[in-house]
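The numbers here are math on the coordinates, done by the rules we state, and not lab data. On a predicted model such as this, the values are computed, not experimentally measured, just so you know. Here Cβ is always computed from backbone atoms with ideal geometry, including for glycine, and neighbour counts include all displayed protein chains.
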Amino acid sequence: VPVHVFDQVLVSTVTSRPLTLDEIKEKGIVIDENNFHAVEFEVGFVLEGKTIPVKFPVVAPTFKQSTEIIPQAELEAKLIKAQEINQQIAASTSTTLPPELQTAGLNIQVQGINFQRVDLGEGPDLTLQIPPIPALMIIPGNIGYLNQFFSVQIFTENAAPPNSGLSVFNVRAEVILPPGPDQIASTNYNVPGDDPLRFARIGPDKIIQSIQPVVRPGPDGQIGSADDIGRLYPGETGQAEFLVEGLQEGLHVMNLNLTADLDGLAAGTIKITGKAAGSVLVKNPKFSLAFTHPRTIRSGEPYSATVTVLNTSTTVANLVSVTLAGASLSGGVLESPETVQLDTIQPGQTATATFRIRSQRTGSISFSNLTTGDDSVQGRFRLSMGIDERGVALSPDTIGMPDYVNALPTGVLDGAIRVLGQALSVATAPQPPPGVKPVASSIVTRRVLELAEAGQRLRYGDGTNRVLTDLLLDWQGGRVFNDGFDQILRATDAGREFRDVVMEAQEAADNLDGTGRLAERAADLAGRGESWAIASINDSQIDLSLSQGSALAGLDKSDVVQALGYRGQRGHWLTASTLNSQLATLNFHWQVNGTVAQAELAALLITTNGTARQWRWSVPNPPQGACYVFNASDPTGGLHADTNCDGTVDAILSGTATPINELPPALVTVFQDPTVQAGRPFPSCEGNANILNYGTVLAILFSKPMTQESVNILDAYRFDNGNTAGSVQVQPGGRVALINMRLPFGAIHPRSITISGVSDVRGHPLTTVTRPVGSSLTEGIALHGRVVRVDSSPAGGIPVTLTMHDSVVSGDGCESVNVRVAQMFTDDAGSFDFDFVLAGMSYTVAATDTSGLSRDTIQALLDSTTDGAVAREKLLALANQPGAQGSLLADFGANSLPQAIAAAEGLDRAILRDSLPANSPRTGSEVPVALRFRGRATVVGQVFSPDGQTPVQGVAVNLFPDPDSRELGRGLFSDSNGRFAFQGVPLGLFSVVAQRGGEVPRTVLGELSVPGQTTNVTINLNSLVTVVTRTDMRGRVFETDGVTPHAGAQVFVGNFINGRLGNLVAAVTADANGFWSANQIPVGTYDVAAVSVDGKRKGVRNGVGAVAGAVSQVNLTLQGSAAVIGRVENSVGMPVANAIVAGGDTLVRTDTNGLFQLSGVPEGNRTISAGLERNPAAGIDFPRLGS
């Protein structure tokens, strides 16, 4: 029977206290990342500065629209539209200049620019004000400190009466730690959950002890040792110690279970148990955080940021550390270790952590915010002055560099950005520190453009080493020198970084050592025509330097103006300008710092006339510590060897001299560049707006600088199809020439080009070369066409014009722009080809029948054409030149110049209108087209009063051509004799409507059937006077889905007569959004038809009422299209292979089984035609047709 006498025998107390860091270490408590508490903080600030875009000065070749001869009838509608626009302009208020431009003696200068890679659109500048562009920088971090550890002491006294003989032994104490709010105690040390306490781990085995013996200390006075006494006699006290880690702040109660054996009772030894309780007060330290950061930072520029931590609590903070999360840092790169240890911070004391950050943003801090993870940390932000390594105040402004710079190696671009940033800071600093030389803002812009030019050459396919060698000499002042920029390259860490990454990029591009690379580049360097002395070494264990008097130039820094070292892993370079230096003052030094099997030393002396001299020395097994010196003026090339570098020359080594002559220009690459803005409106609303020309621009990269005079030879550039240059423009760097070809081209029909007859600045000719033209432009089609006359005979030698119907962003919408891209003459068979037509918009191919006219007459017509129409004054002026009038009259069979001009205005014209969506299945293919002259004639007439005898002047006479011609109506007033004349009317039905004042109009129908005929029409006015009520009709043309608008559709308002639309009262064209409007038409009932821009589909609404006093809204939906699958057979039912099938959006051929599939066939009753070409070898002596 157990006896519960615990309370009478033993008395227990529980105490706790926090341990110091030394005690924690002494007791062997294991500490790792699990035992630290981290308070997160995040510093964010907004950077502001001006962003000034610097655009690469691409000098586009001149794009000249082709001249097209358009009959007067077609032009009248355009003139009406132009007149409306002019009236709108005249009615608007006068345009005033912005205030920025109303200053006398205006001098605009871009200042405060800075360089950073940003993605800037190329949109138009809306104002002269440059808005600030904020950037956000985020620095996340945390303050870590060691959790509190506590010593929990259990004291147990044997309270039995003295001399009672009762003793206890095997006393065990078990501490039960409290659970967290979830009331579930964790059993996993590494995942404590919300538990406020956990036991410490002790010793190398990380032992966790929740049960401890209660003992008396032995002779050594310490518990936990071998001499501990485990039996307690009356009046004696034992103790046990538990080590507990505090995880959550607060007072946490622990339960204590005790067990023991009791001796001294008559019943013998018995077990006794009991309970007790104790508490632990966990108090985490609290901190005040001060984050100190420069007010202005620059991309690529390193700076120091400090975190000062103040312990504001009464609790000691142990093993405090500050960590910045480098991987999560936004806007910068952490270059120092992520964590700085601050150790112990006593209450009221501070400690500071310093971090090194390389900025990826540029700007001045306009707003900052410091947030913390809990209330234990309060933060504040301190701003210090932002300066570079020389103490120059940093500029907060940014420049958007041309996209070409992104073609440079990343390291080179990053290094260049830092150098440019320091240059900008000097250019904008109010007062640079002493010793810092000024840098003009124009020099900063110049260096950016040189950087972009290098990127352009790389993108165009030039070699990395050729480009980077030119770049380093350009930046060193080869073309334009600036002392302040030179100082940055020579004397700053930014300059050294840039020079190192340039050499690193060159080594990554080849397998050459420094001397081998200099030998390879020697002829190219001579071709620059600049004065340089360049030394090299083949092994990085040999140092390279230059002395000029007492001034020294090394691989890290240079005191010699315009002399820089370039350190590599496979040797070095040292370049020095000799333009303003005497060669005798320049001494190159090589010093051996390691074991080298073979030293290859070289010096290249370059002149301004395209020549150079290279000295080279080979030194096997040079002694370590040896020095070698070469004076640049030594005509013998003697290399002074000092084997122990003590200043005494031990030997003079002879060098090998090699004369270097510049190479003649060579063609590096030739390719199509659709990114050059030439001819196409910008920004365009149609198709791929990133294609900035119509496939006419060719880029040629030469191996050396050329001049505009030497390359501007149009006949020097000829494609294999005869396409030649229309204009040539060399770029500012001289190596790139942009050519606008007369005819567009692309990748659909690969072409080659032959270039001859061009030379460099010193007259060295380019060897005639033929190269394929590189092109990836397939976003369009190629056209192969033929023009025939009314009688189907080929129309040879006539001009065919390609016109693109584009649009440009204007205000809140788009404005239509028609661009005549190219013109060519048909061959004897009437054939023509356009290698490329850009997709994403509609286009027109038009031929004007100049048959029977001499080339001189045709050219005279083209020269006298203004906006597509023959200008009578120009033509008269040309015709009055000696010999010209006779040929013009003879060609037109006219007796006078007015008759010849009238004949010119009535020339026949065949037009193909087509729409080529960007996703058209025809994209990337060749499309055959056929143009047939419809034939034109003349309608003349006279207007009489109702008596049929009296001519009437000033009567409005309107002629509406056959709707099948899809030409608009035209109008004029009768002359003093009542006469009128319409030249160039297409064959077919026509109607002439005459009306005077409020009289009922009179309409006369007729038909023209013979080309060139003249039909006389007599119109007797109606004697009835009535008020003709007129109204408006408007609407929109949609695609088959009824949602997508169809631009450029032609809309006719009239009445169907025997299946043909006649009695037209309006013929209009839908705008870019599909809207159309027919104004002031008589009230009545009409049929309305819309024809798609390519003329292949239509939409019809019948019986539409035009009501007085209201606008009739008529929307038209075009027919859909479908696919037709079929087979072509001969008269006996056998399949016909390789037959041409038409009726869809492209011509297709049948396969070996006669099968075909046509896409884009308009819905409804359609005719599908098939043909087999003449092929005598296959027994087909004449073409065979079927439908």
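In the stretch 987-1132, if the dipole is taken from +1 on Lys/Arg beta carbons and -1 on Asp/Glu beta carbons about the Cα centre, which of S1077, T1117, F990 is farthest to the positive end?
Highest projection toward the positive end goes to F990.
Only four residue types carry charge here, +1 at the Cβ of Lys and Arg and -1 at the Cβ of Asp and Glu. Report the dipole size of the stretch 432-585 about the Cα centre in Debye, rounded to the nearest 20.
320
I need the P(r) histogram for the stretch 1030-1117: all alpha carbon pairs, bin width 5 Å from 0 out to the longest distance, whole percents.
3, 16, 29, 25, 17, 8, 1, 0
From the gyration tensor of the Cα coordinates in the stretch 525-621, what semi-axes in whole Å does the equivalent ellipsoid have, largest first, with each one equal to sqrt(5λ)?
22, 16, 11
For a Förster distance of 45 Å, can you work out the FRET efficiency between the beta-carbons of N1079 and S330, rounded to the nearest 0.05?
Here the calculated transfer efficiency is 0.15.
Have a look at the stretch 1035-1187 and give its Rg and Dmax from the Cα atoms, expressed in angstrom.
Values for the stretch 1035-1187 (Cα only, Rg and Dmax): 20.6, 71 Å.
Taking N as the number of residues in the stretch 162-321, what is its alpha-carbon radius of gyration divided by 2.2 N^0.38 Å?
Dividing the Cα Rg of the stretch 162-321 by 2.2 N^0.38 Å gives 1.59.
Which aspartates and glutamates, on any chain, are close to K704 with Cα under 17 Å apart, when same-chain ones fewer than 8 places away are left out?
E450, E453, D462, D470, D474, E520, D524, E530, E662, D760
Go ahead and run the numbers for FRET between R231 and S279, Cβ-Cβ distance against an R0 of 25 Å, rounding to 0.05.
Efficiency, from the Cβ-Cβ distance: 0.25.
In terms of Cα to Cα distance under 16 Å, which aspartates and glutamates are near enough to K275, apart from those fewer than 8 places away along the same chain?
D7, E157, E174, D261
Expressed as a rounded percentage, what relative contact order does the stretch 605-692 have, with Cα pairs under 8 Å and six or more residues apart?
It rounds to 25 percent for the stretch 605-692.
For the stretch 667-770, give the magnitude of the charge dipole about the Cα centre (Cβ charges: +1 Lys/Arg, -1 Asp/Glu; no others), in debye to the nearest 20.
100
I need the peptides 428-440, 192-204 ranked by packing, meaning the mean over residues of other C-beta atoms within 10 angstrom, with the highest value on top.
Numbers: 428-440: 14.6, 192-204: 17.4.
Ranking the peptides 428-440, 192-204 by packing returns 192-204, 428-440.
Please work out the FRET efficiency for the pair F155 and V191, using the Cβ-Cβ distance as r and a Förster radius of 30 Å; give the result to the nearest 0.05.
For F155 and V191, the calculated efficiency is 0.35.
Provide the gained length on full extension for the span A407 to A981, in nm with one decimal, where the gain is 0.36 nm per separating residue minus the Cα-Cα distance.
Details: separation 574, 0.36 × 574 = 206.64 nm, distance 6.34 nm.
This chain segment gains 200.3 nm when fully extended.
So how compact is the stretch 630-783: Cα radius of gyration and Dmax in angstrom?
In Å, with Rg to one decimal and Dmax whole: 23.9, 80.
In whole angstrom, note down how far apart the Cα centers of the stretch 706-768 and the stretch 171-209 are.
The two parts, judged by their Cα centres, are 83 Å apart.
Set Lys and Arg Cβ to +1 and Asp and Glu Cβ to -1, take the dipole of the stretch 401-510 about its Cα centre, and tell me which of L468, G435, M503 lies farthest positive.
Selected residue: G435.
Once Rh is set to the Kirkwood radius over Cα pairs, what Stokes-Einstein translational diffusion coefficient, in µm²/s, holds for the stretch 934-1020 at a temperature of 20 °C and a viscosity of 1.002 mPa s?
Values: Rh = 13.0 Å.
Reported coefficient: 165 µm²/s.
Nothing charged except the Cβ atoms of Lys and Arg (+1) and of Asp and Glu (-1): what's the magnitude of the dipole of the stretch 401-510 about its Cα centre? Round to the nearest 20 debye.
That gives the stretch 401-510 a dipole magnitude of about 340 debye.
Run the simple label-point estimate for S1169 and E23 please: 7 Å along Cα→C-beta, distance reported in nm.
10.7
How far apart, in nm, are the 7 Å Cα→Cβ label points at Q953 and Q1013?
Going from the Q953 label point to the Q1013 one covers 3.3 nm.
Only bridges with both residues in the stretch 934-1020 count here: give the DSSP antiparallel percent, nearest 5.
In the stretch 934-1020, approximately 75 percent of DSSP beta bridges are antiparallel ones.
So for the pair N34, L251, with labels modelled 7 Å out along Cα→Cβ, what separation do we get in nm?
3.0
Taking Cα pairs under 8 Å and at least six residues apart, what relative contact order does the stretch 667-770 come out at, in percent? Write out the running numbers ahead of the final one.
Working: 210 pairs, mean separation 26.9, N = 104.
Reported relative contact order: 26 percent.
Report the full-extension gain for the segment T607 to T648: residue separation times 0.36 nm, less the Cα-Cα distance, to one decimal in nm.
The T607-T648 span can extend by a further 11.6 nm.
Considering only Cα-Cα distances, which of the following residue pairs are longer than 22 Å: K206/K271; K25/K206; K27/K206; K437/K557?
Correct reply: K206/K271.
Using alpha carbons only, how many angstrom separate the centre of the stretch 772-793 from the centre of the stretch 993-1019?
39
Find the eigenvalues of the gyration tensor of the Cα atoms of the stretch 401-510, then list the square roots of 5 times those eigenvalues as equivalent ellipsoid semi-axes, largest first, in whole angstrom. Please list the in-between numbers first.
Details: eigenvalues 119, 39, 26 Å².
After diagonalising the Cα gyration tensor, the semi-axes are 24, 14, 11 Å.
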